[in-house]
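Below is one structure, written out as structure tokens; comments come after it.
The values are calculated or read from the model by the stated rules, or taken from the named source; none is laboratory data. These figures come from a predicted structure and were not determined experimentally. Counting neighbours? That spans all protein chains shown, and the Cβs are built from the backbone with ideal geometry, glycine included. Note: areas computed on protein heavy atoms with side chains; ligands, DNA, RNA excluded. Shrake-Rupley method; radii C 1.70, N 1.55, O 1.52, S 1.80 Å.
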Amino acid sequence: MDLNGKVAVVTGGGSGIGAGIAEALLEKGVRVAIADISAAHMAEENERLGGRLLTVALDVTDPASWAAMKAEVEGKLGPVDVLVNNAGLSHPFKPIEDVADAEYDRLMAVNVKGVFLGCKAFVGGMKARRSGHVVNVSSANGLIPFGTFSVYSASKFAVAGMSEALHQELAPHGVGVSILYPGLTKSRMADQQVGRISSMVPMGAVWLGRAVCRAIEDNRLHVISHPDMKPAIERRIDVLFGDFGEPAEPGYRGAMPRV
Ligand SMILES: NC(=O)c1ccc[n+]([C@@H]2O[C@H](COP(=O)([O-])OP(=O)(O)OC[C@H]3O[C@@H](n4cnc5c(N)ncnc54)[C@H](O)[C@@H]3O)[C@@H](O)[C@H]2O)c1
């Protein structure tokens, strides 16, 4: 997709990676709306970027909030060509038994249901126009789970799985899907994780935004901003393939469809 002149919405665009993606889209001549639960975050980023953003209130967990945001953005900017589902939460590193039920519910509501509701709100219009691109923000933890980060890892595997399925589903309709798997990146969320990862150097968020723009332009599925994660992924895949063997039922011939 040629991005110049297109319309994009970035959820969680008031901070960190979402703000970096919004900045990179502006560099490409895109008309950008950021949609965030925090008006203060959005005001700060819009000021940093010279007031060039449309800022719209959104709680990604609420279908009515999605409908209101969509109506406002389309009323002011026109149909949305690019949806970036970026808003997300993490939890402190801790054993799974110490994750409160309410913490689990809220994290899954924002990180997983928020992406689902965003796709539901926008892909119908994109399919009808046979044009559009959805970017879903997973994480390095959507490819490599970390112990003591179990619920966050589960949410990011869910985003990756939903997005790959959506990629298959939307390709025949001329709509693209990309998945961003960030490693440590400068943001409010990263600031909260200093206990475990203080020795690691976070990447600047606008560089992830520029990688996302290239992926939209090239219609590429996977956006790997931090290739230093590759050895850990290889070790994980080696363990997985190492556990392949004979079928549990001797002689079973299989029925897996080709995907
Ligand atoms: N920063 C990292 O190192 C890192 C690494 C991997 C993945 N990620 C992912 O990147 C995405 C962005 O994270 P970030 O690090 O920039 O975090 P951040 O905390 O700096 O920004 C997140 C933004 O989302 C907004 N938000 C939170 N709940 C919302 C809701 N219900 N509705 C709408 N907006 C809401 C917040 O107000 C905030 O402005 C998340 O999905 C996160 O899981 C971040």
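Per-structure values
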read-out	value
Hits in the stretch 1-36 (condition: touching a Lys or Arg at 6+ places or on another chain (Cβ under 9 Å), part of a loop (DSSP other than H, G, I, E, B) and either open to solvent by less than 20 Å² (accessible area, probe 1.4 Å) or within 16 Å of the ligand (Cβ to nearest atom) (or both))	Leu3, Ser15, Val30
Hey, Gly176 at pLDDT 95 or above and open to solvent by 20 Å² or more (accessible area, probe 1.4 Å) or not	no
Top-ranked residue in the stretch 186-201 [being assigned to a helix (DSSP H, G or I) and modelled with pLDDT under 70; ranked as nearest to the ligand (Cβ to nearest atom)]	Ile197
Complete set of residues in the stretch 113-149 that are closer than 17 Å to Gly18 by Cβ and β-branched (Val, Ile, Thr)	Val115, Val134, Val135, Val137
Residue match in the stretch 91-110 (condition: in contact with a strand residue (DSSP E or B) (Cβ under 6 Å, 6 or more places away or on another chain) and near the ligand (Cβ under 9 Å from one of its atoms))	no
Residues of the stretch 204-250 classified as open to solvent by 60 Å² or more (accessible area, probe 1.4 Å), hydrophobic (A, V, I, L, M, F, W, C) and within 21 Å of Ile21 (Cβ to Cβ), total	2
Residue tally, condition more than 10 Å from the ligand (Cβ to nearest atom) and in contact with a Gly (Cβ under 6 Å, 6 or more places away or on another chain), over the stretch 111-130	2
Tally, over the stretch 151-166, of residues that are under 16 Å from Lys120 (Cβ atoms), surrounded by fewer than 19 Cβ atoms within 10 Å (Cβ to Cβ) and under 14 Å from the mean Cα position of the chain (by Cα)	1
Some residue of the stretch 37-48 being among the aliphatic types (A, V, I, L, M), within 15 Å of the ligand (Cβ to nearest atom), surrounded by 16 or more Cβ atoms within 10 Å (Cβ to Cβ) and assigned to a helix (DSSP H, G or I)	yes
Any helices (runs of 4 or more DSSP H) falling wholly within the stretch 53-172 and containing at least 1 residues that are touching a residue at least 60 places away in the same chain (Cβ under 8 Å)	63-77, 114-129, 150-170
Residues satisfying the stated conditions in the stretch 50-67, i.e. more than 9 Å from the ligand (Cβ to nearest atom) and either crowded, with 16+ Cβ neighbours inside 10 Å or modelled with pLDDT under 95 (or both)	Leu53, Leu54, Thr55, Val56, Trp66
Single unsatisfied condition, Asp81 versus (1) farther than 18 Å from Thr11 by Cα; (2) open to solvent by 20 Å² or more (accessible area, probe 1.4 Å)	(1)
Hey, Thr148 at pLDDT below 95 and either buried (at least 19 other Cβ atoms within 10 Å of the Cβ) or more than 12 Å from the ligand (Cβ to nearest atom) (or both) or not	yes
Residue check for Glu217: within 23 Å of Val159 (Cβ to Cβ), among the acidic types (Asp, Glu) and in contact (Cβ under 8 Å) with a residue 24 or more places away in the chain	yes
